[in-house]
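Structure record follows, encoded as structure tokens.
The values are calculated or read from the model by the stated rules, or taken from the named source; none is laboratory data. Owing to the predicted nature of the structure, the values given are computational and were not obtained by experimental measurement. Here the Cβ is made from the backbone with ideal geometry for all residues, glycine too, and neighbour counts use every protein chain on show. Calculation scope for accessible area: heavy atoms of the full protein, side chains included, ligands and nucleic acids excluded. Shrake-Rupley method; radii C 1.70, N 1.55, O 1.52, S 1.80 Å.
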Amino acid sequence: MQLSLTRRCVCEVIGTYCLVLIGCGAMVVDNQTGMLTHVGVATVWGLIVMTMIYSIGDLSGAHMNPAVSIAFASVGRLPVVDAAAYVVAQCAGALLAAGSLGMVFGVDDVKLGSTMASLPTGSAWAVEFMMTMILMWIVLGVSTGAKEKSITAGLAVGATIAMEAFVAGPLTKASMNPARSLGPAVMSSHYNLLWLYLTAPIVGAIAGGWLYRFVRGNDELDTEECVMVKKVSAVVFFALIFGVGGGAAMAEEGNALLHPQDRIAVIGGTFVERMQPRDELEAALQTQRPDWKLSVRNLGWSGDTVAAIARKRFDNIEAGRARRLADIDAADPTVALLWYGQSEAGAFAENAERNQADLISLIDEMQQREIRVILLTPVAMPGDRRPNYESGLEAFEQMLRNVARAKSLALVELNWQPTDEQLVDDRMLPNEVGYRDLAKQLAGALLGGPVTSGETIASNRAVAEKSLGEAERKSLLEAIARKNEFFFHRYRPQNETYLFLFRKHEQGNNAVEIEQFEPIIRKADEAIWDAVQAD
């Protein structure tokens, strides 16, 4: 005898709760420890789906997925009222599970297994659509006829989930489930591309359900009510496919490397540090996109390399890497520009493998923090006379291309050739005029869109720049200089040894004042936005 709708909904709450708790929990644990690996996480997803099917499959059908319930309704396998109740129950279970994870792990350091894409928006939507369509085909195949209560159902669906997670996990996190994406998104306030994970699985599941019914043919379920549901589903399906597809295409057309309200960290060595205090790159970004309210943090450190050797202070290299990550956390960026290569070029051949490993390690750390990474090629300086400098630069650039392809990152190639009037006296770095010219080119590449992951971007893109008078430009640069000075004191206090290191017993009680720079820096950002938006 079939359970009442209320009891079946309770089963769906429990099933979805366990699904999200264990599946997303595995992602969070792997993010913190690295012990499960991608293969382990994908296996956990498959196992939890399999076990829950065996647990509640004969009670509620073990949908645990709004897309599956909606698709079942579209092919007449579930009444519309029941499907609506199932969707509410599944979303409730996912929210409870994400809340439970938040109580254990918190939401500051991890995002509770939130779904995110490493592909362009349109490609990510297509992946979720295809994966869910295949999943729904399998679900309908093993839930029809005598197979419905056999041991094959849990094995088949669990194996499908695991296999698709193996393939699509690195691309889109292989959600295929709106509730699974909604719960962590709400509890961690991480809504990036949530619309994609709500629509693509639903459209994919409906497509998979219709395809299976077309192949199987009509049966006794094709009642008058079922035919009406199919017609309504057809309208919804095509509205979603055209509306979302068109929206994704529009998003791709304007998909610049930087986004409105981005917090940008520029990370590198001497070349980056000397951009301060009157940062021409930030001035170019702000004037080219005055309405975006971008925030820029300069994390350059003289003599620094991808190994973070200059940041180690009195400690070892590992301490230098830890310090760099602490600097990145202090900047709290949404996107990072990695601009290394000048220091490494002189001895790159001897350290090529180590440089690549260090670069990939840094990228992995930032991606775990959900920071978008953009690679920038080093700029050749005519004053550098090291014997292997030019060949080292070429080799470093090729390494960046390889890493960009492997990690699906954007790479901006800065083929900038400075003139003597754009260099300091020893010709080792640009002067203010040189940095300004380079900054305009780089800003054009970062803001010019459209782009795709892994694409190499030329630095000569042109973007319209807001025209500022001399007085306005001076006001903007002064506002940028003030903000940079405040942030410099925030992450590199002048008396760091006395505040945080081995002499902190003398003045360490004053370290609490460092955090007090945060509201001052935010106000300095607002002053920059006001300066660039003033008529």
Quick one: how many residues across the range 23-40 are among the aliphatic types (A, V, I, L, M) and open to solvent by less than 40 Å² (accessible area, probe 1.4 Å)? 3
If we keep only residues of the range 285-315 that are under 17 Å from LYS523 (Cα atoms) and of a type in the set (A, V, I, L, M, F, W, C), then the residue most open to solvent (accessible area, probe 1.4 Å) is TRP292
Here is a list: GLU421, GLU318, GLU350. Which entry is open to solvent by 20 Å² or more (accessible area, probe 1.4 Å), assigned to a helix (DSSP H, G or I), at pLDDT 90 or above and not β-branched (Val, Ile, Thr)? GLU421
For the range 376-398, which residues satisfy the criterion of being aliphatic (A, V, I, L, M), in a helix (DSSP H, G or I) and under 13 Å from TRP339 (Cα atoms)? LEU393
Check whether at least one residue in the range 448-459 is at pLDDT below 90 and assigned to a helix (DSSP H, G or I), and report yes or no. no
Number of the condition not met by VAL20 [criteria: (1) open to solvent by 10 Å² or more (accessible area, probe 1.4 Å); (2) in a helix (DSSP H, G or I)]: (1)
Residue check: is GLY106 over 29 Å from LEU155 (Cβ atoms) and either open to solvent by less than 10 Å² (accessible area, probe 1.4 Å) or free of Cβ contacts under 8 Å to residues at least 60 places away in the same chain (or both)? yes
Can you find, within the range 27-79, the residue that is farthest from ALA174 (Cα to Cα) among those that are charged (D, E, K, R) and assigned to a helix (DSSP H, G or I)? ASP58
Residue count for the range 361-379, restricted to those that are open to solvent by less than 50 Å² (accessible area, probe 1.4 Å) and modelled with pLDDT of 90 or more: 11
